[in-house]
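What follows is a short report on a single structure.
Values in this text are rule-based calculations from the coordinates and carry no lab data. A quick note: this is a predicted structure, and the numbers were derived from the prediction, not measured. Cβ placement follows ideal geometry from the backbone for every residue including glycine, while neighbour counts extend to all protein chains displayed.
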Amino acid sequence: MDVERRVELRFADESREAETHTNLSAVRQDGRCLWVAGDETATVERLTAVLGEDGRVAGYGGQRTVRLADLVPLPAGPDEEADIEGLARGGGWLWAIGSHSLKRKKIKPEQSDRKSRKRLATVVREDNRFILARLPLVEGEDGLPEVVREDGDRTAAVLGLDKDSITDLLEDDPHLAPFLPIPSKDNGIDIEGVAAHGDRLYIGLRGPVLRGWAVLIEIRPDTDPTDPRRLRLLPLGDDGALYHTHFMDLGGLGIRDLCPHGDDLLVLTGPSMDLDGPVRVLRWRDAVRADAPEIVTAEDLEVVGDLPYGEGDDHAEGIAVLDEPDGSGLRLLVVYDSPSAERLTANGGVIADVVNAGG
């Protein structure tokens, strides 16, 4: 895919201090706005488009921060990061999902061999990572989307407060249960994308990759009748299953993001472990029509194109369909984690790519 142009995402001082702009992990378009999230906070950011003379998006600014703890209870409190790795929008809701991953401590160059070995043996669980939040969207006085705590009978709600997270759901899964105690960077459980369509959510896993097959989980969340601030999962079909797993032949790569496009799913793929590339976008046509767990072969997937990546930087982490006024075909906005120095601007912003993804 060709990078057609680049646009600046400009952030306020507080977000730059939190390094949100250099840790972007999720993006979703919402009219004139973008919802974005970084993986080092428990917030979601709203940016508003700046249009050029041709009516196309030239950049985004006017950042507003939404603190998740102001809307839903968080299991570890308001100050611990939630490692938000996916955002989805649909049916008047904004969805935010944590990585649901464990992490192994990194070796620090200044430490002794003994301490380095001890750090490598230490696995940490941060409870805020294990949430799925559903937030009501309303139109503000300025005509832009806003997240609110309540809107009539619609209430912000969360899954993952009391042994009811997505990973708790997988404790007896024959494929995924063995990976629950494994840190994400070791091919353990690592959620990195979510897409909404109708009453379903599609959740992409960066890991594990099982003998070359990536995993997508389908669920049907709804309000818990005993507590409107909590979610529960409804059965997907007559068999009473609360989730389906779809296995996708991505050539050994994991899922880095998901983006709906009509009845299709666009899948951003990349290495499951701590590697740079390759990175590409695939299309699973009529994905939302699947009514049972599927084996999705390479022949079932259309290659949209490859994306650039750096060495130790410029890791594509999120894609969003970008509405263009001229009807010239599909454009995707791509945001990057660990951006290279050339992507950082003097205005405290970061550069995202707009790529031509065909018709």
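With each run of n ≥ 4 DSSP H residues scored as -39500 (n - 2.57), what mean residue ellipticity at 222 nm is computed for the chain after dividing by its residue count and rounding to the nearest 500 deg cm²/dmol?
Values: 3 runs with 17 residues, N = 359.
For the chain, the value works out to -1000 deg cm²/dmol.
Considering amide H positions built from the backbone, and no H for Pro or chain starts, which residues 5 or more places from VAL296, or on another chain, come under 5 Å of its amide H?
PHE247, MET248, ASP249
With labels modelled as points extended 7 Å from the Cα through the Cβ direction, what inter-label distance (nm, one decimal) is found for ASP313 paired with LEU242?
That separation, rounded to one decimal, is 4.4 nm.
Can you work out ³J(HN,Hα) from phi for every residue in region 85-101, in order, using Karplus 6.51 cos²θ - 1.76 cosθ + 1.60 and θ = phi - 60°, giving whole Hz and x for Gly and Pro?
10, x, 10, 9, 9, x, x, x, 10, 10, 10, 9, 10, x, 6, 6, 10
Would you mind calculating the gained length between ARG211 and ASP276 on full extension (0.36 nm times residue separation, minus the Cα-Cα distance), in nm to one decimal?
Details: separation 65, 0.36 × 65 = 23.40 nm, distance 1.97 nm.
Full-extension gain reported as 21.4 nm.
Most mobile of SER116, SER328, SER338 per a Gaussian network model of the chain (Cα springs, under 10 Å)?
Residue with maximal mean-square fluctuation among SER116, SER328, SER338: SER116.
Sketch the reach of a paramagnetic label on GLU40 as a point 7 Å from Cα along Cα-to-Cβ, and name the residues of region 82-98 whose backbone nitrogen lies under 19 Å away.
82-86, 98
Can you list the residues, at least 5 places off or on another chain, whose amide H is less than 5 Å from the amide H of ASP83, using H built in the peptide plane?
THR41
Per-residue HN-Hα couplings for region 112-125, Karplus 6.51 cos²θ - 1.76 cosθ + 1.60 at θ = phi - 60°, whole Hz, x for Gly and Pro?
5, 4, 4, 5, 5, 5, 5, 5, 5, 8, 9, 10, 10, 10
Among the GluC sites (Glu not before Pro) within region 279-344, which fall in a DSSP loop and have no more than 15 other Cβ atoms within 10 Å of their own Cβ?
Of the GluC sites (Glu not before Pro), the ones in loops of region 279-344 whose Cβ has at most 15 other Cβ atoms within 10 Å are GLU311.
Give the calculated FRET efficiency between ASP306 and SER328 to the nearest 0.05, with a Förster radius of 22 Å applied to their Cβ-Cβ distance.
Computed FRET efficiency for ASP306 and SER328 comes out at 0.55.
Could you tell me how far the Cα centroid of region 76-151 sits from the Cα centroid of region 280-357, in Å?
21 Å
Tell me the GluC sites (Glu not before Pro) within region 96-141 that lie in a loop according to DSSP and have at most 15 other beta-carbon atoms within 10 Å.
Answer by residue number: GLU110, GLU141.
Would you mind checking which residues have amide H under 5 Å from GLY254's amide H? H placed 1.01 Å from N; only 5 or more apart, or other chain.
Here GLY270, SER272 satisfy the definition.
Sticking with the crude label model, points 7 Å out along Cα→Cβ, report the distance from ASP127 to ASP70 in nm, one decimal please.
So the two model labels end up 2.4 nm from each other.
Evaluate the relative contact order of region 302-359 (contact order divided by residue number), counting alpha-carbon pairs under 8 angstrom at least 6 apart; express in whole percent.
Numbers: 87 pairs, mean separation 19.6, N = 58.
Across region 302-359, relative contact order equals 34 percent.
If the elastic network links every pair of Cα atoms under 10 Å, which of ALA195, ALA157, ALA121 fluctuates the most in the Gaussian network model of the chain?
ALA121
Based on the alpha-carbon gyration tensor of the chain and its eigenvalue square roots a ≥ b ≥ c, which shape applies: rounded if a/c is under 1.5, prolate if not and a/b is larger than b/c, or oblate?
Cα axes put the chain in the rounded bin.
Taking loop as defined by DSSP and a crowding limit of 10 other beta carbons within 10 Å, which trypsin sites (Lys or Arg not before Pro) in region 111-179 fit?
LYS163
How far apart, in nm, are two points set 7 Å out from the Cα along the Cα-to-Cβ line at ASP153 and at HIS175?
Each label point lies 7 Å from its Cα, and together they span 3.7 nm.
Can you compute 3J(HN,Hα) from phi for each residue in region 183-189, using the Karplus curve 6.51 cos²θ - 1.76 cosθ + 1.60 with θ = phi - 60°, rounded to whole Hz and x for Gly and Pro?
For region 183-189, the Karplus curve yields x, 4, 6, 10, 6, x, 4 Hz.
So what's the net charge close to ASP30: Lys and Arg +1, Asp and Glu -1, counting the other residues with Cβ under 9 Å from its Cβ?
Value of the local net charge: +4.
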